[in-house]
Structure formats: C-alpha cells, structure tokens
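Trainee: Just passing along the structure, written as structure tokens.
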Amino acid sequence: MSTSRPLSPAKRWLGLVLIATAQFVVIMDTSIIGVALPDIQRALGFTPESLSWVFNAYVVAFGGLLLLGGRLSDAFGARKIFVLGWIVLIVGSIMAGAAGTVGVEIAGRAIQGAGSAMIAPAALTLLMMLFGGTSDLPKAFAVYGAAAPIGGTAGVFLGGVLTEYASWPWVFYVTVPIALIVLAFAATALPRTVRKASGSIDIGGAVTVTLGLAAVVYAVVNAPEIGWLTWSTLGMLAAGIVLLLIFFLIQARSRNPLLRLGLLRAPLLGAANVAQLMLGAAWVSMWFFLNLYLQQVLGASAFAAGAALLPMTGLVVLVMIALAPRLQERFGAKALIVTGLLLLAGGLAWLAFVRPDGSYVVDVLPASLLAALGMSLAFVPSLGTAINAAPPAETGVASGLVSTSYQIGSALGLAVLTAIVYGIAGHDSTTVELTQGYSAAFIGAAILALLGAIITAIAMRKPRAAAFVSEESVSA
C-alpha cells in the first residue's frame, strides 16, 4: 500500500475529524432510532416483538459484512471503500426515512448497515496510515475510540429532538447532510491508497456469515411469539448454525479468506473481541430498554427521554478523552477492561430496581451514570488491544473482526433480552408488567457484562510483540 504524498499536519487532523465522524455516525445510526421506536411502530405497524428489527436489520448487515468491508479496504484501497460506503449509507438512509411499510423500513436499515460495514474498517485503516508510527497515534486513537460511545449516547438525544420537533423519518435523514460534508473533504484530507487486489474476494464467506447471523437473530427474536420448540424456530436456528459452520469451512480452505483463522489463535485478540462482544450486548441493550422504560412506563416524551440520557454522553466524553488514557498508562488495558465491565454490570444491576411509578433522578440517573463510567473505561482499551494484536498488513481485517464482535454482540444480546422482556410482559402489557420485563432485561445485560469481565480476567495475556498497546499497558 502507498499514498500519493504526505499530508500536511493540518490535513492530517482534518482527516482525523472525518474518521472520527465516520465512527460517530455508524454507531449513532444504531442508537438514534431508540426514542423514535414507538412512533415508527405506530406509523408502520410493527408488532412489539418485530420492532427490534429496526435495530437488528442494521446491526446484522453491519456486523455480518464488516469482514468483507475490511477485506475490500485492504484489497482496493481504504479511501475508495470509505467513500463508497458513505454513498451506500446515503441511499439506505433515504430509503429508511421514506419507508411506508415494514419491509421497506427493514430493507433501508439493512442497506444502511452495509454502507457502515464498508466505512468502519476503512476509517481505522486510514487512521493508522495518517498517524501510525507517530507520537500522535495514542491521541488520535483515543479520539477515534471515543467517537463510538459518544455517537451511541448522543444519538439518543438527537433522536429525541428530531422525533419531538420534526418527525421520525428525520432520525434517518439526518445522516445525509453529514455524509455529504464528509464526502466533500475526503479527497483532500484523506490519503490516497493504492493497492491491487490479490486474488478473488471471498463473496461466499460474506454471504454465509451474514445469512447465518441473520437466521440466528431472527429465530431468537420470533421465538417468544411462535414458540421456542416449534419447527420454525428450531429450523431457523439450525440453518443459521449450519451457515456459520460453512463460513468457517470456507475460511479454512480459501486462499483469500475474509478472516484468516490463524488470527483467532492469539489469546490477546480473542479475549479483546470477547470483551467487545459482551460490551455491545450489555450496553446497547441497556439504552434500548431504558428508552422504552422512560417513554412507555414513566410517560416521557421523545425529547424528554433523549434529554434524560444526555448526562451519559458528557460523562463518556470526559472519561474517554481525559481520564481513561491516563488510567490505562498507569494500570494497564486489562485492568481497565475488567474494571469497566464490572462497573457496567453494577449499573445494570442497579437499573433492575426500576419501578412502575419510578423517578428519573432516583431510578435512572445514578445507575445510568455508573454504567456509562464502566463503558467509558472498557471500550477503548479493548478496541485498541484487539486491533494491535494483528499484523500491520491485516489491520483492516482486525478492525472488521472487532467491530463485528461489538455489533453482533449488540444484535444477539438485544434479541435474547427482547425475548425475555416480552416473555415476561406478554402482549398488551400494563406498566407493571412492562417494568418487570425491563427489569429482567437489565439483569440479563448485567450478567453478560459480568461474564465479559470474568473471561477478560482469565484469558487476556501479554502479547508476544507490542504495537500501540505495550505489554505493560496490557498486563495488570
């Protein structure tokens, strides 16, 4: 890979702004729909169980195609795939906003996810090209990493504003002007990469992993409505598992696999990906059900629900930019990941005590801040550890893998916890029944975060060679 010419310092930092914006937007698009879900449900006729597919259609396409996006970035040049991804994202955003039926809405969200799957790994590759080997890399990586949870929590507030004062389609349309601004500066602020594709692209692998994940999530989401032991549920689960097994067989035999299976044998990489998997499952499920609790139980408007979670955004920004890097330097990445997941589990367990007649100040605010603190401490160290455990030539694939872990953790975690919520609350639920369901979901999410902390504590070992994350910064 080569670049056309070195960029000036000013353009390098502008490039970082574009890269951080990309990370912000692809994660924002998972959370911005949260407070708009009740309006989307009423407008398009979603059932309570199928409503989570407004979220899942995006994250399954995003997570399932991230490995392909990383491979395309490595093969054809990160900037080209970065630009193409934004164009696809624009198309999906317009389609989702203009949807008049459930099917069109889900299709638009899936196209959004496909665009994001090209943007995310290409963005990280571009960051490493701009700052790799420089003293500014840790700072650039912190900004990039912070953009994800900031996008997630800020999306909640922005979704509330747009839903309250415009209408629900604008939670999708808002992506379009941001995308156009990024595209306007991409040619001058991002390095031009030149790399020829070596061999064929593993389309078969991309199809099988995406369809396999979609089948598993679909089965879990629909099981509460049609039954866990029905032929439809068991058949869909079996089909998903078979497709995922076929994916791994393809990877083992392919000359140009999406995922070189040898990467998975690195304990450091595996442990960091498990941390991201559990982090996504716990954190995303928390904001999804917390939004619904605020609106459907406490009766908050869309704007009020978004504003209620805004303090989390401020805490995430403060901790991830100002505090977490210093703590990592002193205590190590492993210590921060484990501590962060434990704090997240504590915040979720606290939220499990929500009441039908609860108060935002008593039932939501302190617990959500504790959870946000945990997320802030664990996210960047686990992301950076996973990326730097891979060889430099496979940065795009490593980025795709760790992003896949987070997104698929989000999708599967939300699918399982949605099944729990409506298995307890049932249809036409009272506020008491809904509260019981949401409380169970928070307990489930807390268990997932706790499992992530335990696995990280046991499995994360010192890497053989250091890159951005040194041996000292990984070990605790």
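The values are calculated or read from the model by the stated rules, or taken from the named source; none is laboratory data. Note that the structure is predicted; figures quoted are calculated from it, not measured. When we count neighbours, we look across all protein chains shown, and the Cβ atoms used for this are built from the backbone with ideal geometry, even at glycine.
Trainee: Could you list, in sequence order, the residues of segment 87-107 that are surrounded by 14 or more Cβ atoms within 10 Å (Cβ to Cβ) and of a type in the set (S, T, N, Q)?
Mentor: S93
Trainee: Between a first residue in segment 95-107 that is more than 17 Å from V60 (Cα to Cα) and a second residue that is charged (D, E, K, R), which pairs have beta carbons less than 6 Å apart while being 6 or more apart in sequence or on different chains?
Mentor: Note: pairs meeting the criteria are A99/E105.
Trainee: Could you look through segment 158-173, keep only residues that are surrounded by fewer than 22 Cβ atoms within 10 Å (Cβ to Cβ) and either part of a helix (DSSP H, G or I) or in contact (Cβ under 8 Å) with a residue 12 or more places away in the chain (or both), and pick out the one that is farthest from the chain's Cα centre (by Cα)?
Mentor: Start the filter on segment 158-173 by keeping residues that are surrounded by fewer than 22 Cβ atoms within 10 Å (Cβ to Cβ), which leaves 158, 161, 164-167, 169-170, 173.
This time we only want the ones that are either part of a helix (DSSP H, G or I) or in contact (Cβ under 8 Å) with a residue 12 or more places away in the chain (or both), so: 158, 161, 164-165, 167, 169-170, 173.
On the way: L158: 18, V161: 22, E164: 25, Y165: 27, S167: 25, P169: 22, W170: 21, Y173: 20 Å.
So the residue we want is Y165.
Trainee: Identify, please: which residue in segment 394-426 is at pLDDT below 75 and surrounded by fewer than 24 Cβ atoms within 10 Å (Cβ to Cβ) and is, among those, farthest from the chain's Cα centre (by Cα)?
Mentor: The selected residue is G426.
Trainee: Right, next: Only one of (1) in a helix (DSSP H, G or I); (2) at pLDDT below 95 is not met by P191, so which one is it?
Mentor: (1)
Trainee: When you go through (1) under 29 Å from A419 (Cβ atoms); (2) over 21 Å from the mean Cα position of the chain (by Cα) one by one for R265, which number turns out not to apply?
Mentor: (1) is the only condition that R265 fails.
Trainee: Take segment 215-254 and flag every residue that is modelled with pLDDT under 80 and either over 23 Å from the mean Cα position of the chain (by Cα) or in a loop (DSSP other than H, G, I, E, B) (or both).
Mentor: Those that are modelled with pLDDT under 80 and either over 23 Å from the mean Cα position of the chain (by Cα) or in a loop (DSSP other than H, G, I, E, B) (or both): A223, P224, E225, I226, G227, W228.
Trainee: Oh, and also: Just to check your reading of the model, which residue among S8, S73 is out of contact with any Phe, Trp or Tyr (no Cβ under 6 Å at 6 or more places or on another chain), of a type outside the set (V, I, T) and surrounded by fewer than 24 Cβ atoms within 10 Å (Cβ to Cβ)?
Mentor: Values: S73 fails: surrounded by fewer than 24 Cβ atoms within 10 Å (Cβ to Cβ).
Exactly one of S8, S73 is out of contact with any Phe, Trp or Tyr (no Cβ under 6 Å at 6 or more places or on another chain), of a type outside the set (V, I, T) and surrounded by fewer than 24 Cβ atoms within 10 Å (Cβ to Cβ), namely S8.
Trainee: Here's another thing I want to ask about it. Only helices (runs of 4 or more DSSP H) wholly contained in segment 1-84 count here; list those with 3 or more residues that are under 26 Å from F172 (Cβ atoms) and in contact with a Lys or Arg (Cβ under 8 Å, 6 or more places away or on another chain).
Mentor: 53-76
Trainee: Shifting gears a bit: Hey, among L342, L348, which residue is more than 27 Å from A117 (Cα to Cα), surrounded by 24 or more Cβ atoms within 10 Å (Cβ to Cβ) and either among the basic types (K, R) or within 20 Å of the chain's Cα centre (by Cα) (or both)?
Mentor: Values: L342 fails: surrounded by 24 or more Cβ atoms within 10 Å (Cβ to Cβ).
Going through L342, L348 in turn, the sole match is L348.
Trainee: Follow-up question, since we're still on this one. Within segment 39-89, can you find the residues that are more than 21 Å from I19 (Cβ to Cβ), among the aliphatic types (A, V, I, L, M) and without any contact (Cβ under 8 Å) to a residue 60 or more places away in the chain?
Mentor: L51, V54, A57
Table: residues versus (1) part of a helix (DSSP H, G or I); (2) charged (D, E, K, R); (3) under 23 Å from S285 (Cα atoms).
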| site | (1), (2), (3) |
| --- | --- |
| G113 | yes, no, yes |
| L126 | yes, no, no |
| S135 | no, no, no |
| G155 | yes, no, yes |
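Trainee: Is it fair to say A272 is under 19 Å from the mean Cα position of the chain (by Cα) and buried (at least 19 other Cβ atoms within 10 Å of the Cβ)?
Mentor: The answer is yes for A272.
Trainee: Just wondering, is there one or more residues in segment 265-275 that are in a helix (DSSP H, G or I) and free of Cβ contacts under 8 Å to residues at least 24 places away in the same chain? First the steps, then the outcome.
Mentor: Residues of segment 265-275 that are in a helix (DSSP H, G or I), as a first pass: 265, 267-275.
Add one more test, that the residue is free of Cβ contacts under 8 Å to residues at least 24 places away in the same chain, and what stays is 265.
Yes, segment 265-275 has at least one match.
Trainee: Return the residues of segment 125-158 that are at pLDDT 80 or above and among the aliphatic types (A, V, I, L, M); say none if nothing qualifies.
Mentor: L126, L127, M129, L130, A140, V143, A147, L158
Trainee: For segment 370-393, check the following and say yes or no: at least one residue is over 25 Å from I33 (Cβ atoms), of a type outside the set (A, V, I, L, M, F, W, C) and surrounded by fewer than 24 Cβ atoms within 10 Å (Cβ to Cβ).
Mentor: Scanning segment 370-393, I find at least one residue that is over 25 Å from I33 (Cβ atoms), of a type outside the set (A, V, I, L, M, F, W, C) and surrounded by fewer than 24 Cβ atoms within 10 Å (Cβ to Cβ), so the answer is yes.
Trainee: Given the criteria part of a helix (DSSP H, G or I), in contact (Cβ under 8 Å) with a residue 24 or more places away in the chain and of a type in the set (G, A, S), does G212 qualify?
Mentor: Yes: the conditions hold for G212.
Trainee: Condition first: touching a residue at least 12 places away in the same chain (Cβ under 8 Å) and surrounded by fewer than 17 Cβ atoms within 10 Å (Cβ to Cβ). Now tell me which residues in segment 298-310 satisfy that.
Mentor: Across segment 298-310, the qualifying residues are S301, A304, L310.
Trainee: Please go through segment 355-368 and give me each residue that is hydrophobic (A, V, I, L, M, F, W, C), closer than 17 Å to G314 by Cα and surrounded by fewer than 17 Cβ atoms within 10 Å (Cβ to Cβ), ordered by number.
Mentor: Residues satisfying the conditions are V361, L365.
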